[in-house]
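Remarks on the structure that follows.
What follows is calculated from the coordinates using simple rules that are stated; it is not laboratory data. Bear in mind that the values here come from a model prediction, so they are computed numbers and not experimental data. Quick reminder, even Gly has a Cβ in these numbers, built from the backbone with ideal geometry, and neighbours come from all protein chains shown.
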Amino acid sequence: MTANAKATLKLYELSAEYLEALEGLAEIEELPPEAIADTLEGLAGAWEDKALNVARYVRNLEAEALAIEDAKRRMDVRAKATANQAARLKAYLKLELERTGLKPKAADLALRLQNNPPSVVLDDEAKIPKAYRRTETVTTILKADISVALKAGKKVTGAHLEKSQRLVIQ
């Protein structure tokens, strides 16, 4: 395979090629150690280059995701501030319409006050009859507490500790 062809191989293809070469070289008894080392070094170099490039791409994607989250937070703050300003101005406008009794109109909009349907106001929740109540039960699994118990050697039915690995790109 040419060097140019190796550059276009995917990481999993390079992994398979490396493992096949390792197995094949192990079966040849009279092969000098230098030949084995040179072959594996060439394959490992291509694999490492590809793996590092994949890791660089992962870093770029993670940085982009953080930038998007940051922009989203800024936009959320801006949206909330704008909505609050609109609510304040709407309350101010309503107050002035109530005060003056005027009903301004233009070609694109008209302002008027309208009565809302009656709404329920609770004066004392404790006095509300049971017929008008609903009790909801929420169950929350306390995984942190389960972890502490399992690590302390206690048996927790329905749960166990499981080790895993993660990729660290430094």
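Mind telling me which of the residues LEU111, LEU93, LEU89 ends up being surrounded by 10 or more Cβ atoms within 10 Å (Cβ to Cβ), out of contact with any strand residue (DSSP E or B) (no Cβ under 8 Å at 6 or more places or on another chain), of a type in the set (A, V, I, L, M, F, W, C) and in contact (Cβ under 8 Å) with a residue 12 or more places away in the chain? If you could, list the steps in order and put the result at the bottom.
Values: LEU111 fails: out of contact with any strand residue (DSSP E or B) (no Cβ under 8 Å at 6 or more places or on another chain); LEU89 fails: in contact (Cβ under 8 Å) with a residue 12 or more places away in the chain.
Criteria check complete, one pass: LEU93.
As for region 94-117, it holds at least one residue that is under 42 Å from the mean Cα position of the chain (by Cα) and not in a loop (DSSP other than H, G, I, E, B). For region 123-144, the condition of being free of Cβ contacts under 8 Å to residues at least 12 places away in the same chain, over 40 Å from the mean Cα position of the chain (by Cα) and surrounded by 10 or more Cβ atoms within 10 Å (Cβ to Cβ) holds for at least one residue.
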